[in-house]
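Each remark here refers to the structure printed beneath this line.
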Ligand SMILES: Cc1cc2nc3c(=O)[nH]c(=O)nc-3n(C[C@H](O)[C@H](O)[C@H](O)COP(=O)(O)OP(=O)(O)OC[C@H]3O[C@@H](n4cnc5c(N)ncnc54)[C@H](O)[C@@H]3O)c2cc1C
């Protein structure tokens, strides 16, 4: 077996999700190569070469790949990937955008968001907002897969010394171009990698009140998340949404504040180790998954919690 | 400009789906079925483009058994002009759906294809991207804003780090995220009118598509259950438990 892992990176450094994907590749077994496609991505490629367990790093360094446009990167993945039995990428918005496009070029039905490897052709993945876990077997020659980061430990980012090889082929479809981006800047840890996450919902009432959560987050070294209702209402930006269609998190501690616990929200956090819910409605479904539930008005409980930490 | 919108019939988002006792499949006999929420947003976006004078015709397509006509009629009531039903009782996987859509794109030559980013049953998030590959058209996935101008469409996308904007030449494919718009409700007169709008019936065979599944579901099971927790009486008890019992702070 030979596995191609598609690195997630910003040209300068690797994203953590790449390491979880390498672990998923290791549980399939076989030689693992990593593809780093980008523009001026030498530093990311060097980092990939240090991942323990990686055989070879392929670097496609070309302006066309700079912003990970699917129209350009997917043909590259299909071209290189057809020599492998498996192609894996993190199930991030980048991976989800590119991998199905690459799969269709190979006439393959991809498998999204796997949470376990049962064998080389059989995987588990959540469906119906995580209410059901399906075991799926693929009959395709090449398996094209995205990997849920929280379900696999991170591979060691140091200790490896893979060979780095340049890939020359450039695919520039000319039908799409990058215009701009607004990326959230925060000194707090990344939501999907944080050990502690504190999230606010509609009960927070407005964006200013999220300050209460930021204060606690800074004491605990936590990331701050939100429900869809809080994002839709404009309290906080979209990259903070946790859930079926937002980010999937599984921290040591998840604190849900003023969140009712709709199945679509639970889909994103119910694999957290310890769940705390603060909600004034004792019937709120979030209490069914909470290890510690506090029925209280958040505007009293949260400042008090802040004071006691 | 002609817009093609794809809609999927799925279990309503309020239904909590469970596996059958024998683990062979999910138990969805007699549950409420609806248009996939993301597809509803796709229909709404097309209708708004028509109201702005950007779109001239909206063709809605759905694939699956006879009952998909309900979802096509709903989309027609919301403002689509005509429907295409790719009727089959076979299991349709995303690759097969993308192939059928690709055949329809070749036939209908739309300038824009709008569809949901994922369906809330399979949660695959694949079909739009695969249609992009098969048709060679550019894709603007997870869209929270769509602007058509000068033969191009600018799509603002919800990505992990925030928002990204790309410019695509037309024809193009857009897949919708939740914040693109808030879909309207169909009014009764429009529901009546929708009954008279034309719906064409074709089969995957008519489109020359082999829909044979590529993956097989061996088993379905409920997710690991969490152990029941406790209610704490106040903040002090909560902090004490987190420190001494759970040892997470
Ligand atoms: C297709 C689809 C996808 C979706 N994807 C997601 C997703 O990814 N993530 C997500 O989160 N949702 C998602 N949703 C939305 C989901 O169904 C819920 O609507 C949403 O999670 C509700 O957010 P909420 O709990 O903040 O708000 P509400 O349900 O309104 O709950 C607010 C809670 O705050 C409590 N509260 C109010 N005031 C106070 C106070 N002063 N003190 C203490 N408690 C208080 C209330 O008791 C209530 O329980 C999706 C929905 C659909 C249809």
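The values are calculated or read from the model by the stated rules, or taken from the named source; none is laboratory data. All values derive from a computational prediction rather than experimental measurement. We place every Cβ from the backbone using ideal geometry, glycine too, and count neighbours over all the protein chains shown.
Would you say residue A:141 is touching a helix residue (DSSP H, G or I) at 6+ places or on another chain (Cβ under 8 Å) and closer than 20 Å to residue B:133 by Cα? So residue A:141 fails the test. If you go through the range A:289-309 and keep only what is more than 8 Å from chain B (Cβ to nearest Cβ), surrounded by fewer than 19 Cβ atoms within 10 Å (Cβ to Cβ) and assigned to a helix (DSSP H, G or I), you end up with A:299, A:300, A:303, A:306, A:307.
Summed over the range B:126-136, the residues that are surrounded by 24 or more Cβ atoms within 10 Å (Cβ to Cβ) and at the interface with chain A (Cβ under 7 Å from one of its Cβ atoms) give a count of 5.
Scanning the range B:143-154 for residues that are surrounded by 20 or more Cβ atoms within 10 Å (Cβ to Cβ) and within 29 Å of residue A:188 (Cα to Cα) turns up just one, B:143.
Mind checking which residues of the range A:135-192 are in contact (Cβ under 8 Å) with a residue 24 or more places away in the chain, within 24 Å of the chain's Cα centre (by Cα), farther than 30 Å from residue A:273 by Cβ and in the same structural domain as residue A:27 (by TED's automatic domain parsing)? A:138, A:142, A:143, A:144, listed by residue number. In this structure, is residue A:300 free of Cβ contacts under 8 Å to residues at least 12 places away in the same chain, within 14 Å of the ligand (Cβ to nearest atom) and out of contact with any strand residue (DSSP E or B) (no Cβ under 6 Å at 6 or more places or on another chain)? Answer is yes for this residue. Of the listed requirements (1) touching a helix residue (DSSP H, G or I) at 6+ places or on another chain (Cβ under 8 Å); (2) within 16 Å of the ligand (Cβ to nearest atom), residue B:15 misses just one: (1). The condition of being within 9 Å of the ligand (Cβ to nearest atom), touching a residue at least 12 places away in the same chain (Cβ under 8 Å) and out of contact with any helix residue (DSSP H, G or I) (no Cβ under 6 Å at 6 or more places or on another chain) holds for residue A:280. In the range A:124-133, the count of residues that are within 30 Å of residue B:156 (Cα to Cα), within 18 Å of the chain's Cα centre (by Cα) and away from chain B (no Cβ under 13 Å) is zero. Of all the listed residues (B:35, B:41), the sole one being crowded, with 18+ Cβ neighbours inside 10 Å and under 23 Å from residue A:126 (Cα atoms) is B:35. Restricted to helices (runs of 4 or more DSSP H) entirely inside the range A:41-108, those with at least 1 residues that are facing another protein chain (nearest Cβ under 10 Å) and more than 20 Å from residue B:159 (Cα to Cα) are A:70-81, A:93-105. Say we look at the range A:195-223 and pick out the residues that are farther than 15 Å from residue B:248 by Cβ and away from the ligand (no atom under 14 Å from the Cβ); which of these is farthest from the chain's Cα centre (by Cα)? Out of the qualifying residues, it is A:208. Are any residues in the range A:232-246 more than 8 Å from the ligand (Cβ to nearest atom) and either farther than 20 Å from residue B:156 by Cα or in contact (Cβ under 8 Å) with a residue 12 or more places away in the chain (or both), and if so, which ones? Once the filter is applied, which keeps residues that are more than 8 Å from the ligand (Cβ to nearest atom) and either farther than 20 Å from residue B:156 by Cα or in contact (Cβ under 8 Å) with a residue 12 or more places away in the chain (or both), the range A:232-246 yields A:233, A:234, A:235, A:236, A:237, A:239, A:240. Taking the range B:169-216, which residues are assigned to a loop (DSSP other than H, G, I, E, B), within 14 Å of chain A (Cβ to nearest Cβ) and surrounded by fewer than 16 Cβ atoms within 10 Å (Cβ to Cβ)? Hits for the range B:169-216 are B:182, B:210, B:212, B:213.
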